[in-house]
Every structure is written in C-alpha cells, then in structure tokens.
Amino acid sequence: MQYRTYKLQQLPEPYTWTYTPSGGEPKSFCNYDTLVYASGGAIASNVIDNDYLVSNNSTINISRPTKAVAGQIIALIDDTGAYDIGVVTSVDNTKLQIFYKSMLELCNDNMLNPMRVAINENEGTKTEVKYLYDAVEDTAQILASFFAVAATDKYRRLPIRLRTSGGGTKTDGSYNVPAIWSYKDNSINVRDWLVELFNTHNVVVQFRLIFEVGRAYIELYVSRNTTGGRLLKNNVHSMRITHAEDSSAKATVCMVLDQSTKQLIATYYLQIDNTVTTNPNSNTRVQPYKLITAELDQENDDGATAKTVAEDNLLYGDYNHYISVVIDRNSAMYPKNLNIGDAVLIVPELQEMTDEDALTDNYDDKVMHSIYTGRKEDSESSQVTLIFGKIRLNYTDIIQLQQHKLVRS
C-alpha cells in the first residue's frame, strides 16, 4: 500500500461554481486553491481508527522519512484506489510514523454563528437567532460559506464542491429534514455541530478527493442516510458479534415552553415508530418516562411550531447501543461498501432460527437494528472491527462524546 499527501496551491485565477438548492435560487461560491501532490511513499503497516463520532488518530508506519507536514490531506492507496483519506495531524520522522484523523477534522474550527441575523426595528437593531433550518441543504450551504467565499481568510479557505441528497423544501414549503438551531453563542465549533447532526438527525458529511485537468477539489456530500436492508448474520467462520451496551432513548417526553413567558405550550410523547403524539394515553408510547424541556419563540418567522421543536428533541434518538462485529477482511461475507449511517440488521443468534424462518416481528428479540458508525483495523491482522450504534465504551471516546454534547447544552 502507498500513501500520498496533498497541499493547497493557489490557482492563477479563482473559479466560481454554483450550487442550486432544491426549489431555490442558484448560489455562487468560489475556489481560489487546488490540491497538489506534496509527498508519498510506501506504507510498512497501518492502524486505522475511523469512527465518525470520535476523533481518534490513525497511524501509518512508513519506510523512509517524509516531507509530509501537519495539515496536509493524506490518502492511503491500494490496488483499487483510495482506501482511506484524512488530515495529517503530526509526523515523526524519527519513528517513521504519520498520524492522521478523518476528513471531518477539516471542520474542527470555530465559525461565527451563521444563524445570527440583525433585525431592524423601530427602536433600533437587535440580533436574533434564526432556528429552523434544513439539516441537509442549509448545512451544505453553511459549509460552503465557511470555506469558499471571497471573504474567507486565505488560511481558512478550502477548494470544495457540494453535493446533497434528501434535503430541501417540500411542496407545502416545509423542510424535508427540519432541525432546530439551538446554538446561542457568537461562535460554534463546526465539527461538533456536524457530529451532533449525525447523532440527532442521521445527517452525514462524506468527503471525496476529485482530480480534474488543471485543478482538484474536495467534494462534500451532505445527506440524511436512509439506506437500509444490510444484513449481518453470525454464520461466518471466525466472526464475533458483541452487543456490549444498550440504553433507552435520551428523552421520551418533551414539554415545549414559550421562550418569553416560560408558560407550557404543549407536551409531546415519543412513539415507537419514531413519531410524536400529544396523547399521553397512546399505547405506542416509548418507555420509560424521560423528560426534556424545550423553548419556542412563538413570534418566529421560520415556520417553527411546538411540534417541530418537540420532534427535534425526541426523534432520531434510537441506536443508543454499542455493537462490534469482528470479521476477516478477506472473507467473502465481509460487508463491502458500508457507508456511515447505513441501517443494518444484525443476527447474532442464528442457530436458534431455522432456514424456513423469516426475519419477521416474531424474531425481534434475536434481530438487532443498528447503524454503521465506523471501523478499526490493523494491517498486521486480517481482522476488522466494524462499529455500530452511537454509544462508546472506551473512556477517552466517552470523554470526547461528552465534549460534543456540551455544544447543545
């Protein structure tokens, strides 16, 4: 396996590209730079820790000193193409090691709160926070405005292009993926916000390196991953499935209060089909009782209602577990082309099910519904650990997740 690192080089002339949101007007962004080759060589071994939720270092051991430096983009390349990509965090030429994190590390920086808007009123100008937005298309445009507009600092800008799926505006004017913007501070950490979006709305940002004649850029693909149907069965030699942790939903009841008066507007209850109801006697309510409170500005012009606020706080709280699947990467049953956010069915007790039995509701106690969140592997071993669910067991991972959650507290 080989590695290559890429640095930014300013183009002789910047070029403009447009992004057209669903049902909206085209928006123009600008790339001033391109990606160019910086260094490369052979990889002696590598340890990959590619977890969307936790920003751990991966490591490659190289055969000779490198000119790579922190901040460059790195690609691990095998016979089929780019095996993994990321951002170099440090280089040790004495030990012949390069450390890197996932491409999401590009977003590990603060930006001005993009939803703060100045409103002119008779008594003067005040600043408020617009808080209903589409978690896919608005997210993509915020990222583009952060990286690729004329006002972007030359040391912050990146050559990016956008691609989205699943977001936008419906025919009735509502959002496909409505989310509540709850950040009140003047600035937010971009990576923390994106990780929280994945936790709460299953919105994923994926990165690809695109090389064209005369220029190269980073494609940002923002989507709500609704892919399902992947099946992992414990019938593969040497496969191990461990269901190590499980917890109930983070909240099952949401009391929505008026932002100004703090009076109760409505109470919503989470249901097992990932919807909400105001009926406390619904026989499909999720248990146990776990209360969360949220506020609504009833004078907002964004279209936010008590229901959308409750949904933002109650829905998408499934997959609160940790499942690891250890499997040989050379196995014919190795699940290729898994993407972050893919929904899967995991069958750990196959011996209790006959060939004639289907995966129906009768076997809900044997079938685990989960979501793919990352993998760990070491080139010195053929075993790969696939990670499913949104709970972490490692102490340092837990601390990082707690830090991410502070941004919405």
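Near Ala216, once Lys and Arg are set to +1 and Asp and Glu to -1 for all other residues with Cβ below 13 Å from its Cβ, the sum equals +2.
What ranking of Glu380, Glu295 comes out by heavy-atom accessible area, probe 1.4 Å, highest first? Walk me through the numbers before you get to the answer.
Details: Glu380 140, Glu295 80 Å².
Sorted descending by solvent-accessible area, the residues read Glu380, Glu295.
Would you mind telling me the antiparallel percentage of the DSSP bridges in region 253-314, rounded to 5? Roughly 55 percent of the DSSP beta bridges within region 253-314 come out antiparallel.
Residue separation times 0.36 nm, minus the C-alpha to C-alpha distance between Thr169 and Ile272: what's the value?
34.4 nm
If I model a spin label as a point 7 Å beyond the Cα along the Cα-Cβ vector, how far apart are those points for Leu96 and Tyr37 in nm? Taking the two extended label points, one gets 2.2 nm. Between the beta carbons of Gln298 and Asn57, assuming R0 = 45 Å, the FRET efficiency works out to 0.45 to the nearest 0.05.
How much length is gained on full extension from Asn283 to Thr261, taking 0.36 nm per residue of separation minus their Cα-Cα distance? Each step should come with its number before you reach the end.
On the way: separation 22, 0.36 × 22 = 7.92 nm, distance 3.25 nm.
The span from Asn283 to Thr261 would gain 4.7 nm if fully extended.
Of Asp318, Asp33, the order by accessible heavy-atom surface (1.4 Å probe, DNA, RNA and ligands excluded), from most exposed downward, is Asp318, Asp33. With Rh defined as the Kirkwood radius, the inverse of the mean 1/r over Cα pairs, the Rg/Rh of region 253-314 is 0.99.
The length gained by stretching the chain between Asn186 and Glu25 to full extension, at 0.36 nm per residue less their Cα-Cα distance, is 55.2 nm. FRET efficiency for the Arg156 to Ala82 pair, using the beta carbon distance and R₀ = 30 Å, is estimated at 0.75. With all pairs of different alpha carbon atoms counted, what Kirkwood hydrodynamic radius in Å does region 107-223 show? Kirkwood hydrodynamic radius for region 107-223: 15.6 Å. Which distance in nm do the two modelled labels at Asn337 and Thr227 give, with both placed 7 Å along the Cα-to-Cβ direction? It works out to 0.8 nm between the two label points. Solvent-accessible area of Met1, all protein chains in place: 80 Å² (probe radius 1.4 Å, heavy atoms, ligands and nucleic acids excluded).
So for the pair Ser379, Asp328, with labels modelled 7 Å out along Cα→Cβ, what separation do we get in nm? According to this spin-label approximation, the distance is 2.1 nm.
Here's how it looks for Tyr319: its modeled amide H is under 5 Å from none belonging to a residue 5 or more places away or on a different chain. When the pairs Lys336/Lys390; Lys95/Lys154; Lys250/Lys307; Lys7/Lys390 are compared against a 23 Å limit on Cα-Cα distance, Lys95/Lys154; Lys7/Lys390 fall above it.
The values are calculated or read from the model by the stated rules, or taken from the named source; none is laboratory data. All figures in this text were calculated on a predicted structure; none of them were measured in a lab. Positions of Cβ are backbone-derived with ideal geometry, glycine not excepted, and every protein chain shown enters the neighbour counts. For the accessible areas, the whole protein counts, side chains as well, though only heavy atoms, and no ligand, DNA or RNA atoms are used. Shrake-Rupley method; radii C 1.70, N 1.55, O 1.52, S 1.80 Å.
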